[in-house]
Structures are given as structure tokens and as C-alpha cells.
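Enquirer: First, the structure itself, so that you have it in front of you.
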Amino acid sequence: SAGDDFYHEPALAYLYSFADRTHVLLRTVKGKAISTYLITDERIEMRKKASDELFDYFEAVLPRTEELSYGFEIETGEGTIEYGNFTAEPRELQVPRWIFNRVFYQIMPDRFERDMIKKPRGRIIETGLGHHGGDLAGIVKRLGHLEGLGVNALYLTPIFESMTYHGYDIVDYFKVAGKFGGNEAFGELARELKRRDIKLILDGVFHHTSFFHSYFQDVVKKGGESRYRDFYRILKFPVVSKDFLRVLDSNEPPERKYKGLKELHQNYENFFSVWLMPRLNHDNPQVREFIVSVMKHWLEEGADGWRLDVAHGVPPELWREVRERMPEDAYLVGEVMDDARLWLFDKFHGTMNYPLYEAILRFFVRGEISAEEFLNWLELLSTYYGPAEYSMYNFLDNHDVERFLDLVGDERRYLCALAFLMTYKGIPALFYGDEIGLRGIGASGMESSRTPMKWGKETWNTKILRVTKALIRLRRKSKALQLGEFRPLEFKGGLLLYERVYQNEGVLVGINYSDVPTAIQIPEAYRPAADGVSFLKMKPWSFVALASTI
Ligand code: ARE
């Protein structure tokens, strides 16, 4: 029956409105439909958008409408089939309006800039390349650099009291770390950012706390008698052995000590077997209250949103509750490593877009997929996320992955990928140092990207800086790039050619990601922006972006 071969429901992400468009999607069993039509007052041919192993997805994009009565006509090998009869209001996601014209800049405070001379450091744990001494006053000092670059939103990795340089082991959620300048420095930073209209999101580490958080310390000391015993996922009391505590308090050199601790058994759940990071018990309503109170507090103190660490390791329902209880204009971004559908729509406004990053790696870095396959991947993600795509946090770089420039090894390739990021749907984000061509350090694995920022201009890659600035400027002034429909024109071999369209504004983007020159055809509407030519030559590893009234 039609019901088995074809599928549509008048709900996300099959029927939705975003900006000036309404989108209607239809899923068909792979290979079944030759062409499909959306039947409203008109008969509109739907575009085949993507395919996966089981299905093909078709889409019609219409001028925005508040209500739609429609059905489908499907041409198959065995004749034409009519499917569905719906009347529905396309859904629209509620997201903070301010996010769309933003370009994020991510900073790991320890590695950016140091300004205060003397700071209390307290107890520290040395890992990786250790503490470099950056602080919040250092960020304030360099806000001119951010403004010059054109970024207008900031994501800071954890700034609260902790013992490591990275700060993912929080001991006090209501105190900005002394090593970063404390609450006072935060107030100053928040004020300076507001003055410059730069939004701020903080890193919320609520999957686990530090071993040294007072709640967990209470459990370590009092065991089953602790009032915080249900804050964590304890397997057995005592949570650590006497041996563990003895090694912990010993004067052994850090490396020996932490290796020793790692080998000693622990009776609690944690983050990836890291003893320092005991996992919170998210089923406990008190833990939920705690999370909500911390998040609200820092929004009141001047933050504009949160990036939620290991969000995929926390039950999605908790994030729905959080979403309901936060102010509507707080941007909530979850760290979700793969398919994020469970965590979007009524939970996070966006997630760190790892599936997009994976597609980018396969096309731009590893050359494993052709432009055609890259497009299919993009369009599949689009069928999964629908309108949420526009509020995803998109990146080429962050503190957990190798620097993109190191991965592609060449500035032209890097800039092609950056051009894609800045002209695609979703909120683009840079990682500090990307703009100057900062390279990774020889640290192991994921910490390699955390090179201290270089402030000596003689070390900067000025081409990368210039092009990055130009791309940010283009992104910020173009509603088409922020809100517009994505229209693929030609994806072939190493060539990506597409349009972004919003109202009467269009941007044409061509990326020649190959070692041979090519030429692209310029659609009529963009010719004035291309000095009248109808073909444009493109060098190897180059891109072009033309903005025009269409
Ligand atoms: C440090 C070292 C590591 C070492 C680890 C254990 O850097 O090389 O393996 O210690 O000894 C923070 C610090 C890290 C630190 C870590 C533990 O930034 O430097 O590691 O704490 O002390 C998974 C998670 C994902 C997580 C990444 C890192 O799913 O949530 O791993 N990302 C967040 C933050 C991190 C942070 C933490 C979580 C902990 O962004 O910076 O680490 O609060 C595949 C898997 C993913 C996996 C990913 C990376 O894609 O599918 O699940 O992500 O690989 O390993």
C-alpha cells in the first residue's frame, strides 16, 4: 500500500517554516518514485534532495505560508499514485533571534592571553602541556582583536573554579576560577562584551563534577551517610579505597601519582574512566535543580547562553526540562557527537555539528567522497534536522579536534573549507588562532589544537587573516547566508556550486576543490556582480562568493 512505500507527516522535519520559506518533505522507499509532486492549488515538482540506504527524500520549498492543504502525486514504474490529504500549520522552531547574525569565536582562556600578573592558583593538577596562565582580563585586553576580525559572539571553555588548565573538573560552579581572575574579572568581561555587542556563551559541565567538588568530597568522607550520596552514581561504598586516598595525598611526582590512581579501583561512574570526573546522577531531581540554578545564575550575571558538555551522556529529558526553565533568549548548544535528532527541537537550539564536521573531513581533508556524495550527506542532514540546521553550532576547529589547517596542510585548502563553513546553513564558529593560521602543538591527540595564541604579528599568516575577515564581513551582512534557502546548482568531482537565497537577496558560492582550473557558469542574476561575464575561471583550490539582488 501507499502507506508502506511513502511517508509524510505534517510535523517536524517534514513540514516546517523557516524565515521566508515553507518546506514540505516526502520520503519514499528507495528507487520507488521516479518523480514526485506536491499538490496544493498548484502542482509543484519536488526536488530529489537525498538518499540513504533505504529511502529517497523529496522536497518542495514554497513561499512561507501559515496553513497548507496538500497531498502528493508520485510517479512510479507502475503508474501514478496519489498519496495523502493533509491540512496543517507548518511548525516553526523558537530560537533566540540574536543568534542568526553571529559568528562565534571560541577561546580556551588558559591559552589565549595573560594579563594579570599575580593570581591565586590554589591546588592544581598538571595534565597535558599544563597551565599557561591565560585569564579573563587577557581576553578583555584583546577584544579589539575580536572586533577587528568581525566576530560577534564568544564561547569560552570552562571558567569556573577547577584544578586543571582546561577546567572540565569543576569544584565550584558559582565561582569563576581565581586563576582566571575570579568573579570580578567575569563582571568586567561581561560588561565589556555587552558594550561591544558581543554575545557570550559559557561551557556547562553537568555530566560530571570534579572529584574535589565539595559534594563528592562529602561522599568520599561520609560514604552512605553523605547527604550527597544520590548526587552521583555510586556503585559501592566506600567510593575509593584507603590506598587511593594514600596515593592521592602522597608527594609522588604528578605523572607517577596519576598513573597510580588510574590503576586503583573506583566505585563510581565517571567520564571515560577518569577518576577526577565522577558522573552526576541525573535522575535525582536535586541534581536537576542544581543544574538549573547554576545555569540561571550565570545568565543573570551576563552570559547569553550555554554550551553543554557531554550533553549526549545526560538523558535528553533533562535538557527538555532545562530548556523549558531557561529564558527564551538564552542560546543552548549541546555537545552531541553524532546524530543529534534526539537532542534538538524541544531541547537544544543547536548542537556542536559533528556530523557536518565528519562530512567536511571526508570531503575536504580525506578526499574520501566526491562533491556529489558530499552534497547527499549535507541534504541528508538537512532532512534530519530541518529548521534546526540554521541554529547549529558549525565548526572546522575546536579544542577537541586537530587544527583544520594541520589536517589539510595548506592555506588554500583551509580557506576553501572556511568559505564553505561561512556560507552554509548554521552558525559558524572559529577557534582562537584559526584567523592567524595557528598550527597545532606536538601534544598527544585531542590536546594538540590547544597551542597558546601567538600575539607577535610577524608570526601571523596574513592571507588567512585577510580572507577570514572578508568572509566574516560577507556572512554578517548577508541575510541570505544567515537565513536563506540552500540551493545546490552543481556538485561534481571537486566542484561545489550553490546559491543561498533570502527574499530578493542571493549569494552564489563556487568552490573549486581540485588541482585543476575550472570554469563555472554564472546564472543571469549574478552577472552584474561578476562584471557581466557568464563564465568565471577558477584556479585550483579557490573559491568565489558573489552577492547580488536577484
Ligand atoms: C585528557 C587527555 C586525553 C586523555 C584523557 C584521559 O586530553 O588525551 O585520553 O585526559 O586521561 C576534558 C579535557 C581533556 C581531558 C578530559 C578528561 O579537555 O583534555 O582528556 O577532560 O580529563 C568524547 C566525549 C566528549 C568529550 C570528548 C573529549 O563523548 O563529550 O571525548 N568532549 C568534552 C569536552 C572535552 C572535555 C570533556 C568532554 C570532559 O569538549 O574537552 O575533556 O569534560 C569519538 C567518540 C566520542 C569522543 C571522541 C573524542 O568521536 O565517539 O564520544 O568524545 O571520539 O575522544
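Enquirer: Can you give me the Kirkwood hydrodynamic radius for the stretch 2-88, using every pair of distinct Cα atoms, in Å to one decimal?
Expert: Hydrodynamic radius (Kirkwood, Cα pairs) of the stretch 2-88 is 12.9 Å.
Enquirer: Modelled label-to-label distance, ALA470 and PHE237, 7 Å Cα→beta-carbon offset: nm?
Expert: 6.7
Enquirer: Say each of GLU78 and MET337 gets a label point 7 Å from the Cα, pointing the same way as Cα to Cβ; how far apart are those two points in nm?
Expert: 4.4
Enquirer: For ASP515 paired with SER293, estimate the spin-label separation in nm (one decimal), with each label point 7 Å from Cα along the Cα-to-Cβ line.
Expert: Calculated label separation equals 6.2 nm.
Enquirer: Next question, about the same structure. Considering all alpha-carbon pairs of the chain, what whole percent are spaced by more than 40 angstrom?
Expert: Percent of Cα pairs beyond 40 Å in the chain: 30.
Enquirer: Separate question: Please list LYS477, LYS425 in order of solvent-accessible area, largest first, computed with a 1.4 Å probe with all protein chains present.
Expert: Ranked list, largest accessible area first: LYS477, LYS425.
Enquirer: Next question. Whenever you get a sec, compute what percent of the accessible area on the stretch 363-444 sits on carbon and sulfur atoms (1.4 Å probe).
Expert: The value for the stretch 363-444 is 42 percent carbon and sulfur by accessible area.
Enquirer: Let's see if you can work this out: charge +1 on each Lys and Arg Cβ, -1 on each Asp and Glu Cβ, no other charges. What is the dipole magnitude of the chain about its Cα centre, in debye to the nearest 20?
Expert: Computed charge dipole of the chain: roughly 2300 debye.
Enquirer: Right, next: Normalised by the number of residues in the stretch 389-473, what is the relative contact order in percent for Cα pairs under 8 Å and 6+ residues apart?
Expert: Relative CO of the stretch 389-473 lands at 35 percent.
Enquirer: Any idea what the alpha-carbon Rg over 2.2 N^0.38 Å comes to for the stretch 486-549?
Expert: In units of the 2.2 N^0.38 Å rule of thumb, it is 1.05.
Enquirer: Something else now. To the nearest 10 square angstrom, what accessible area does GLU458 show with a 1.4 Å probe?
Expert: 150
Enquirer: Heavy atoms only, 1.4 Å probe, whole protein assembly: order VAL292, VAL516 by accessible area, highest first.
Expert: If we order VAL292, VAL516 from most to least accessible, we get VAL516, VAL292.
Enquirer: While we're here: Give me the 1.4 Å probe accessible area per residue for the chain, excluding ligands and nucleic acids, in Å².
Expert: 41
Enquirer: Further question on the same structure: May I ask for the angle, rounded to the nearest 10°, between helix 316-325 and the longest principal axis of the chain, with both axes built from Cα atoms and the value confined to 0 to 90°?
Expert: Computed tilt is about 90 degrees.
Enquirer: How would you order 165-177, 218-230 from highest to lowest mean count of nearby Cβ atoms within 10 Å?
Expert: 165-177, 218-230
Enquirer: Given only helices, namely DSSP H runs of n ≥ 4 each adding -39500 (n - 2.57), what is the per-residue ellipticity at 222 nm of the chain, to the nearest 500 deg cm²/dmol?
Expert: -7500 deg cm²/dmol
Enquirer: What figure in square angstrom, to the nearest 10, would you give for the accessible area of LYS469 with a 1.4 Å probe?
Expert: We get 70 Å² for LYS469.
Enquirer: Where does each of ASP243, ASP135 land when they are ordered by accessible area, with a 1.4 Å probe and the largest first?
Expert: From most exposed to least exposed: ASP243, ASP135.
Enquirer: A further question on this structure: For the chain, take the longest principal axis of its alpha carbons; what is the angle in degrees between that and the long axis of helix 462-477, to the nearest 10 within 0 to 90?
Expert: With both axes taken from Cα atoms, the answer is about 70 degrees.
Enquirer: On the accessible surface of the stretch 2-88, probed at 1.4 Å, how many percent belong to carbon and sulfur atoms?
Expert: The computed percentage sits at 45.
Enquirer: Which FRET efficiency value, to the nearest 0.05, do you get for GLU490 and GLU225 by plugging their Cβ-Cβ distance into 1/(1 + (r/R0)^6) with R0 = 60 Å?
Expert: Calculated transfer efficiency: 0.30.
Enquirer: Does anyone have the angle between helix 371-385 and the longest principal axis of the chain? Alpha-carbon axes, 0 to 90°, nearest 10?
Expert: With rounding to tens, the tilt is 70 degrees.
Enquirer: Enter the accessible area of PHE486 (Å², nearest 10), with the probe set to 1.4 Å and all protein chains included.
Expert: Surface accessible to solvent at PHE486 totals approximately 10 Å².
The values are calculated or read from the model by the stated rules, or taken from the named source; none is laboratory data. Since the model is a prediction, treat every value here as computed from it, not as a measurement. All Cβ positions, glycine included, derive from the backbone under ideal geometry; neighbour counts span all protein chains shown. Accessible surface areas use protein heavy atoms only, side chains included; no ligands, DNA or RNA. Shrake-Rupley method; radii C 1.70, N 1.55, O 1.52, S 1.80 Å.
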